[in-house]
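First the structure, in the form of structure tokens, and then the observations on it.
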Amino acid sequence: MASESTVNSPSVSDSSNRSSENPLYIGPSVREQGSDLSWTGERTSAGMTSPKKLRLDAKGVAIVDDEEDLCSLFSLLIKNLGYRIDFVAHDGDEIVRAVSEKGIRPDLILMDYRMPILNGFQAAERIRQILPDVKIVVESADDTIKKEVISSGLYFIQKPFSMPTLAQTLRKVFEDPGKNPKQSS
């Protein structure tokens, strides 16, 4: 019989609260085995179906957020959507160094706006000098930066966001043939 798995985070309730009011409940029986992510169970309250396995040709995503719990949660959610996690950083400077010095080459970077050392916008400018075609999604609760982010050729997602919103955003960004979100309208 499958056991219940949840993410240990103060922002995610335990598995006993599976109601639709809790969009962060991940669902039954998540287990990671090497680079493969296996699922058992039914449709979750986050709208995912099972089984979902990571494909070898999956798109790579780097996650950048100064909150470690959010990095862990985003990693799990993004893997559950079938994408590969290429790198996790906790500030803008760390992802810039990973791209410039370690040769990290994600297809997409999901990056918080407000972080120590370099904010998401500053880091995106530096990353674009090295990887001009990388797709960058800036996440923020501050919607006053949305216009500036989009006019700079970056994508924007408003925090807090649900699993279906994240899934839709990633799908749209990956389907966009250009690197500039203004061109996808």
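The values are calculated or read from the model by the stated rules, or taken from the named source; none is laboratory data. Quick caveat, the model's predicted, so the values are computed rather than measured. A quick note on method: Cβ atoms are made from the backbone with ideal geometry, for glycine too, and the neighbour counts reach across all protein chains shown.
What are the pairs, 6+ residues apart or on separate chains, where a residue within the stretch 143-159 that is aromatic (Phe, Trp, Tyr) has its Cβ under 6 Å from a residue that is part of a helix (DSSP H, G or I) and crowded, with 19+ Cβ neighbours inside 10 Å?
Qualifying pairs under 6 Å: Tyr155/Val173; Tyr155/Pro181; Phe156/Val149.
Please verify whether the stretch 33-47 includes one or more residues that are under 17 Å from the mean Cα position of the chain (by Cα), in a loop (DSSP other than H, G, I, E, B) and either closer than 19 Å to Pro164 by Cβ or at pLDDT 55 or above (or both).
yes
Quick one: count up the residues across the stretch 88-101 that are touching a residue at least 12 places away in the same chain (Cβ under 8 Å) and either over 21 Å from Val149 (Cα atoms) or touching a Phe, Trp or Tyr at 6+ places or on another chain (Cβ under 6 Å) (or both).
3
So that you can scan it fast, the table gives a plain yes or no per residue for (1) assigned to a helix (DSSP H, G or I); (2) under 12 Å from the mean Cα position of the chain (by Cα); (3) crowded, with 17+ Cβ neighbours inside 10 Å; (4) on the phi < 0 side of the Ramachandran plot:
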position	(1), (2), (3), (4)
Cys71	yes, yes, yes, yes
Phe74	yes, yes, yes, yes
Ile78	yes, yes, yes, yes
Val88	no, yes, yes, yes
Leu110	no, yes, yes, yes
Ile117	no, no, no, no
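Looking only at residues in the stretch 124-144 that are over 24 Å from Lys102 (Cα atoms) and out of contact with any Phe, Trp or Tyr (no Cβ under 8 Å at 6 or more places or on another chain), which one is surrounded by the most Cβ atoms within 10 Å (Cβ to Cβ)?
Only one residue fits best here, namely Ala141.
Residue-wise test of (1) among the aliphatic types (A, V, I, L, M); (2) under 15 Å from Lys59 (Cα atoms); (3) in a helix (DSSP H, G or I).
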site: Glu94; (1), (2), (3): no, no, yes
site: Arg97; (1), (2), (3): no, no, yes
site: Gly103; (1), (2), (3): no, no, no
site: Ala124; (1), (2), (3): yes, no, yes
site: Ile127; (1), (2), (3): yes, no, yes
site: Val138; (1), (2), (3): yes, no, no
site: Pro164; (1), (2), (3): no, no, yes
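Looking for something in a loop (DSSP other than H, G, I, E, B), at pLDDT below 95, surrounded by fewer than 17 Cβ atoms within 10 Å (Cβ to Cβ) and not charged (D, E, K, R) - is there at least one such residue anywhere in the stretch 57-69?
No - not one qualifying residue is present in the stretch 57-69.
Could you tell me whether any residue of the stretch 157-178 is acidic (Asp, Glu) and in contact with a helix residue (DSSP H, G or I) (Cβ under 6 Å, 6 or more places away or on another chain)?
yes
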